[in-house]
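The values are calculated or read from the model by the stated rules, or taken from the named source; none is laboratory data. In this text the structure is predicted, and so the values were computed from the model without any measurement. Reconstructed Cβ throughout: ideal geometry from the backbone, glycine too, with neighbour counts over all protein chains shown.
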Amino acid sequence: MREPSLTGRPDPGKPVHPVVSAGGVILDKQGRVLVLRRKQEGTWVLPKGRIEPGETLRQTALREVEEETGLKDLKIAREIGLVRYIFFWRPDNVNYKKTVHYFLMKLNGGGEPEMKLEPDFAEHSWLELAEAIKILTFENDRRIVRSIVN
């Protein structure tokens, strides 16, 4: 039996809190994109997370990617863009108005990268751009990945 999702459509009766996050579109040496599948919701996403006090967006993106994937040897090539969305978060009983800044990242090391996923993630996959765009659950993520080839 599938557990209920922690997120949902915005609830107009609940408060709205702004949140700033940063994440990455990570490319391996073959130009494949890293995508992650969340355990609870089963959604395929890009790695990202909230900014902490005193961090720059770039620092947040690198820290969050490392925390979620275990990847340490990354280089930010450039900023890609940002996405904005709002969702209801059941555990906090609030709507979050989220802004996520994405950076294009490349692996520095050679060979197959060693992955160590956070417990929230069931699996990862390195996919060609077209396949990554197909499998990603959210249009915002698909749009960000499409933008790296334009």
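Within segment 80-128, the set of residues being modelled with pLDDT of 90 or more and at positive phi comprises just one member, Gly81. Just one of the listed residues (Asn108, Asn93) is under 22 Å from Val19 (Cα atoms) and exposed (fewer than 14 other Cβ atoms within 10 Å of the Cβ), namely Asn93.
Scanning segment 38-48 for residues that are surrounded by fewer than 18 Cβ atoms within 10 Å (Cβ to Cβ) and among the basic types (Lys, Arg), which turns out nearest to Leu71 (Cα to Cα)?
Among those that are surrounded by fewer than 18 Cβ atoms within 10 Å (Cβ to Cβ) and among the basic types (Lys, Arg), it is Arg38.
Does Met115 satisfy the condition of being of a type outside the set (S, T, N, Q) and touching a Ser or Thr at 6+ places or on another chain (Cβ under 8 Å)? Before you say what the answer is, go through the steps one by one.
Numbers: of a type outside the set (S, T, N, Q): yes; touching a Ser or Thr at 6+ places or on another chain (Cβ under 8 Å): yes.
In short, yes.
Exactly one residue among Leu129, Leu34, Leu136 is surrounded by fewer than 19 Cβ atoms within 10 Å (Cβ to Cβ), within 22 Å of Val149 (Cα to Cα), touching a residue at least 60 places away in the same chain (Cβ under 8 Å) and of a type in the set (A, V, I, L, M), and that residue is Leu129.
Of all the numbered requirements in (1) over 19 Å from Arg146 (Cβ atoms); (2) touching a Lys or Arg at 6+ places or on another chain (Cβ under 8 Å); (3) surrounded by 16 or more Cβ atoms within 10 Å (Cβ to Cβ), Ile51 misses one, and that requirement is (2).
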